[in-house]
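Only one structure is covered here, and it is reproduced in the block below.
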Amino acid sequence: VQLQASGGGLVQAGGSLRLSCAASGRTFSVGSMGWFRQASGKGREFVAVLPWTGGGSSIYADSVKGRFTVSRDNAEKTLFLQMNSLKPEDTAVYYCAASSVLQTTTSNLYEFWGQGTEVTVSS
């Protein structure tokens, strides 16, 4: 599975961005697709995850709950992350990832990773 993330940029606090992650290859093996982020000097942090096929709920980190929404378009094999009410602490490189495990928030269980897209929120 190959993943290509896009949509990052510079935005003022309170603004919005929409990240996209295009998947290709053997996506039939994917159970979950998720977003993680890594701020400068910090470790990788879980953001959101949803099942890649079928039903099931999305899971969000407490820090983004109510502001971020994860969604998918299976026909286009694309994962999205709508980010609203952005805060300076959301500044990070955002990565999309794919796991064969269903609904996991553990980064070590994600086998495939995109290259990352940078989000900068100015105060």
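The values are calculated or read from the model by the stated rules, or taken from the named source; none is laboratory data. As the structure is a computational prediction, the values presented were derived from the model and not from experiment. Backbone-built Cβ (ideal geometry, glycine too); neighbour counts: all protein chains shown. To get the accessible areas, we keep the full protein, side chains included, count just its heavy atoms, and leave off ligands, DNA and RNA. Shrake-Rupley method; radii C 1.70, N 1.55, O 1.52, S 1.80 Å.
Of everything in the stretch 1-33, what is within 18 Å of V119 (Cα to Cα), open to solvent by less than 40 Å² (accessible area, probe 1.4 Å) and among the small types (G, A, S)? Give them in sequence order. Hits for the stretch 1-33 are A5, G7, G8, G9, G15, S20. Taking the stretch 4-18 as the range and being among the hydrophobic types (A, V, I, L, M, F, W, C) and touching a Ser or Thr at 6+ places or on another chain (Cβ under 9 Å) as the test, the residues that pass are A5, L10, V11, A13.
Does the stretch 48-75 hold any residues that are charged (D, E, K, R) and either closer than 10 Å to M33 by Cα or open to solvent by 60 Å² or more (accessible area, probe 1.4 Å) (or both), and which are they? Show your work before the answer.
Taking the stretch 48-75 and keeping what is charged (D, E, K, R), we get 62, 65, 67, 72-73.
Across the stretch 48-75, the qualifying residues are D62, K65, R72.
Considering each residue of the stretch 78-98 in turn, none proves to be over 30 Å from Q12 (Cβ atoms) and at pLDDT below 95. The strands (runs of 3 or more DSSP E) found entirely in the stretch 1-111 that carry 2 or more residues being over 10 Å from the mean Cα position of the chain (by Cα), under 19 Å from S123 (Cβ atoms) and in contact (Cβ under 8 Å) with a residue 60 or more places away in the chain are 9-12. Looking across the stretch 112-123, the residues that are out of contact with any Ser or Thr (no Cβ under 6 Å at 6 or more places or on another chain), open to solvent by 30 Å² or more (accessible area, probe 1.4 Å) and assigned to a strand (DSSP E or B) come down to F112, W113, E118, S122.
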